[in-house]
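Undergrad: Pasting in a structure now, in structure tokens, and then I'll have a few things to ask.
The values are calculated or read from the model by the stated rules, or taken from the named source; none is laboratory data. Treat the numbers as computed from the prediction; the structure is a model and nothing was measured. Counting neighbours? That spans all protein chains shown, and the Cβs are built from the backbone with ideal geometry, glycine included.
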Amino acid sequence: MLAGLDSPKAGKVYLDYKDINKLGLSNYRKNAVSTIFQAYNLMTYMTARQNVQTALEITNTTVDNAKIEELFDLVGIPKEMIDKPVLQLSGSQQQRVAIVRALATNHDIIIADESTGNLDEETTQDIVNIFKDIARQQNKTVIIVTHETAVAKETDVVFELKKKHFTQL
């Protein structure tokens, strides 16, 4: 619901005291929230850079190639891989392209759905540290959906979903 991918059957979802359904879900997704999908949802006929540039164009964000390259470097993707078609990248690299795409749009809310599931332990820790820095230094909300206990332990607040109910741990 918070990602704006579906409407609640009952109740409402508010952002800054505004009902996101009244804002329009596509408008909300375009301007307020970045989602890192478990399955990446990359455009497979494009390069890594083009996937990020397209997201920026859709959100009317200025395309700054130097900033894009900086973000790729931040997540550990070498410069020579940025202009390769995403299908030539490993699963781990594709996951990190999806992370860069979300970070580049600079939205206040980032929803990371199993965003470290295809990463090794070291890269997972690097990505979690990036999320923590973004939350603390840029005052953004980062929601991490994970089955990884080690990742959950790194967060400020943990909720568990069990039998259709959230419980704060």
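Undergrad: T155 - would you say it is part of a strand (DSSP E or B), more than 17 Å from A98 (Cα to Cα) and touching a strand residue (DSSP E or B) at 6+ places or on another chain (Cβ under 7 Å)?
TA: Judged against the criteria, T155 is not a match.
Undergrad: Filter region 119-157 down to residues that are surrounded by fewer than 15 Cβ atoms within 10 Å (Cβ to Cβ), among the β-branched types (V, I, T) and over 18 Å from T35 (Cβ atoms), then give me how many there are.
TA: Residues meeting the conditions: 2.
Undergrad: Next up: So which of D133, D113, D126, D108 is of a type outside the set (K, R), farther than 26 Å from G4 by Cα and under 15 Å from the mean Cα position of the chain (by Cα)?
TA: Values: D133 fails: farther than 26 Å from G4 by Cα; D113 fails: farther than 26 Å from G4 by Cα; D108 fails: farther than 26 Å from G4 by Cα.
Unique residue meeting the criteria: D126.
Undergrad: For region 93-109, indicate whether the set of residues that are at pLDDT 95 or above, within 17 Å of I130 (Cα to Cα), among the β-branched types (V, I, T) and assigned to a strand (DSSP E or B) is non-empty.
TA: For region 93-109, residues at pLDDT 95 or above, within 17 Å of I130 (Cα to Cα), among the β-branched types (V, I, T) and assigned to a strand (DSSP E or B): present.
Undergrad: Here is a further query. What number of residues within region 107-116 satisfy the criterion of being in contact with a helix residue (DSSP H, G or I) (Cβ under 9 Å, 6 or more places away or on another chain) and surrounded by fewer than 17 Cβ atoms within 10 Å (Cβ to Cβ)?
TA: 0
Undergrad: Taking region 44-59 on its own, how many of its residues are without any contact (Cβ under 8 Å) to a residue 24 or more places away in the chain and more than 12 Å from V97 (Cβ to Cβ)?
TA: The qualifying residues number 1.
Undergrad: Take the conditions part of a helix (DSSP H, G or I), over 23 Å from V142 (Cβ atoms) and more than 16 Å from the chain's Cα centre (by Cα) and apply them to E70. Does it pass?
TA: In short, no.
Undergrad: Restricting attention to region 16-38, which residues are among the hydrophobic types (A, V, I, L, M, F, W, C) and either in contact (Cβ under 8 Å) with a residue 24 or more places away in the chain or loosely packed, with under 12 Cβ neighbours inside 10 Å (or both)? Show your work before the answer.
TA: Taking region 16-38 and keeping what is among the hydrophobic types (A, V, I, L, M, F, W, C), we get 20, 23, 25, 32-33, 36-37.
Scanning region 16-38 gives A32, V33, I36, F37.
Undergrad: So, one more: Can you work out which of the residues in region 68-83 that are charged (D, E, K, R) and exposed (fewer than 15 other Cβ atoms within 10 Å of the Cβ) is nearest to L119 (Cα to Cα)?
TA: D73
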